[in-house]
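First comes the structure, then the notes that go with it.
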Amino acid sequence: MGNSSSSSSSAPDEGGDGGRRQPEAAPAPAAPPNPSYWAMAKQGYGELVNAIIRPPRAEYSMDDLGPSAFTIAGRAFERSDVQLTNPRGLVLECSHWQPARANRPAPRMPCVIYLHGNSSCRVEATSILACCLSAGITVFSLDMAGSGHSGGEWVSLGHFEKDDLRTVTDHLRSTGGVATIGLWGRSMGAATALLHGPRDPSIAALVLDSSFADLDQLALEMVRATC
């Protein structure tokens, strides 16, 4: 009787890993999807809104307002700085240019409130100092809320700024040193003067430079300009 024997053998897997599976490579990251039409429209709308209510904020130093004591045609004048708080609780940074106390011609003098334009500040008022002060008119100016050094993050092209203006007129009348009040505004400042004027019939005069006539029309023109 013959002996029979059987043997079995298995060949190792290729790679010699003893039968273990190699880990699969991680898939490549998917390319980011293109922005949707809605996302692009939303971004464009946001940029347009910011162009109206959050334009570039004017930056300046107090040196840009000029010296606190100075002379014009041999007469001495001074600048005093004051902080006021508007009805929304925002601090307004303001300046008042007037004759030095020793040279003041009268206890009460007329005053022009200068109202700056969009993306600007009270430094604008320095351009009218010589003509007003030499004529016996004091000059008051402010950074309206959301502009210059004043508090606030947004501007409203006159809607809330008219209340900043009322805060100033109330302050000036409370000092007892101001007779009549006039308003000198440029761009947004001119619109502010127009919006406040009907509420204060005692305003003696208005100087209006480059005001817009209608906010809706202004917004449409800005839309057309960005398209």
If we count every other residue with Cβ under 14 angstrom of residue 192's Cβ, Lys/Arg +1 and Asp/Glu -1, where does the sum land? -2
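Going by how many other Cβ atoms sit within 10 Å of their own, how do 188, 62 line up, fewest first? The partial results should precede the final answer.
On the way: 188 25, 62 13.
Taking fewest neighbouring Cβ atoms as first place, the list is 62, 188.
Within 10 Å of each residue's Cβ, count the other Cβ atoms and sort 184, 97, 154 from fewest upward. Working shown, then result.
Working: 184 22, 97 27, 154 14.
Ordered by Cβ neighbours within 10 Å, fewest first: 154, 184, 97.
Taking the Cβ of each residue in 108, 186 as the centre, tally the other Cβ atoms inside 10 Å and list the residues starting with the fewest. Show your work: numbers first, answer last.
On the way: 108 12, 186 22.
Least crowded to most crowded, the residues run 108, 186.
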Points 7 angstrom from Cα along the Cβ direction at residue 104 and residue 81: gap in nanometres? 2.2 nm
Segment 62-226, relative contact order in percent, only Cα pairs under 8 angstrom and at least six apart counted: 21 percent
Per-pair calculated FRET efficiency, R0 = 30 Å: residue 47 and residue 170 via Cβ, rounded to 0.05: 0.20
Taking only the alpha-carbon atoms of segment 115-227, what semi-axes of the equivalent ellipsoid follow from 5 times the gyration tensor eigenvalues under a square root, in whole Å, largest first? 25, 15, 14
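Between residue 59 and residue 154, what length comes free when the chain is fully extended (0.36 nm per residue of separation minus the Cα-Cα distance, one decimal in nm)?
Numbers: separation 95, 0.36 × 95 = 34.20 nm, distance 1.52 nm.
So the chain would gain 32.7 nm between residue 59 and residue 154.
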Spin-label pair residue 135/residue 216, simplified geometry with 7 Å Cα→Cβ offset, distance in nm: 3.7 nm
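Taking the alpha carbon gyration tensor of segment 90-156, what are the square roots of 5 times its eigenvalues, largest first, to the nearest whole Å? Let's see the in-between values first.
On the way: eigenvalues 136, 29, 13 Å².
Computed over segment 90-156, the values are 26, 12, 8 Å.
Here, each number is a calculation from the coordinates, and none is a lab measurement. Note that this is a predicted model, so its numbers are computed, not measured. As a convention, Cβ positions derive from the backbone with ideal geometry for all residues, glycine included, and neighbour counts pool all protein chains shown.
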